[in-house]
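S.K.: One structure, as structure tokens, below. Some questions next.
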Amino acid sequence: MRIGIDIDSTLHDYWPIFGRIAKRRFGMDLAYEAQRDWNVNVLRPEQLSTVVEESHSDENVLTAVPYEGAVETLRAWADAGHWLHITTHRATGARNATARWLEEQGIPFDDLHCSFDKITRCVEVEIDLLVDDSPINIARAIEVGITPATLLHPWNRDICEEEGVLAANDWAGLSTVLNERYFAKASAKAS
């Protein structure tokens, strides 16, 4: 199986980093629970770009802490022979720090791609399953026939409910959901 995995808000808790920078730079308090989509309307587009760019600085990338269970789940997938494609909306300038972070955290990967068009790359490398928090990427994955899965966040709950996306509150739950509802079915089809 070929699995695509996002990083921010998927492998680690991105919102505290993003919120801290928005507060320090622009005096904006961005409550996680109030974030219903990725269009952060309280920030002007240029402010949003500034916050995202700073959030992907080497320092912020390298000090991120993986969600509990994320590393172990990806290691289990790699040990089971799955091909792991790490895909992120980070600019290409963040690639080296991102690769270093993945290696330092012990997160296995076969491919790392920094791009603002994840789905095109996922189609190119024939991804079967995409783990990503973005409602836009979830919708686009469905459109092109890639099965989406995610950790639940305020901004993706609606699409998860509407589309029946494989989802859970944490990596332990997501691993269980995927083992029971996705990998088992994929193995049965292959038999």
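None of the figures in this text is laboratory data; all of them are computed from the coordinates on show. Model, not experiment: these values are computed from the prediction. Backbone-built Cβ (ideal geometry, glycine too); neighbour counts: all protein chains shown.
S.K.: Applying the selection to segment 57-81, what residues are among the hydrophobic types (A, V, I, L, M, F, W, C) and in contact (Cβ under 8 Å) with a residue 40 or more places away in the chain? Steps first, please.
M.R.: So the first thing to find is which residues in segment 57-81 are among the hydrophobic types (A, V, I, L, M, F, W, C), and the list is 61-62, 64-65, 70-71, 74, 76-78, 80.
Residues satisfying the conditions are Val61, Leu62, Ala64, Val65, Ala70, Leu74, Ala76, Trp77.
S.K.: Any residue at all in segment 149-164 that's among the polar types (S, T, N, Q) and farther than 25 Å from Tyr32 by Cα? Let's see the steps before the verdict.
M.R.: Looking only at segment 149-164, we keep the residues that are among the polar types (S, T, N, Q), and these are 150, 156.
Those left that are additionally farther than 25 Å from Tyr32 by Cα: none.
No: zero hits.
S.K.: Let me ask something additional. Count, please, the residues in segment 36-60 that happen to be over 23 Å from Asn156 (Cα atoms) and not polar (S, T, N, Q).
M.R.: Counting residues in segment 36-60 that are over 23 Å from Asn156 (Cα atoms) and not polar (S, T, N, Q) gives 4.
S.K.: When you check Leu43 against the structure, is it buried (at least 18 other Cβ atoms within 10 Å of the Cβ) and in a loop (DSSP other than H, G, I, E, B), yes or no?
M.R.: On the way: buried (at least 18 other Cβ atoms within 10 Å of the Cβ): yes; in a loop (DSSP other than H, G, I, E, B): yes.
Here the answer is yes, as Leu43 does meet what is asked.
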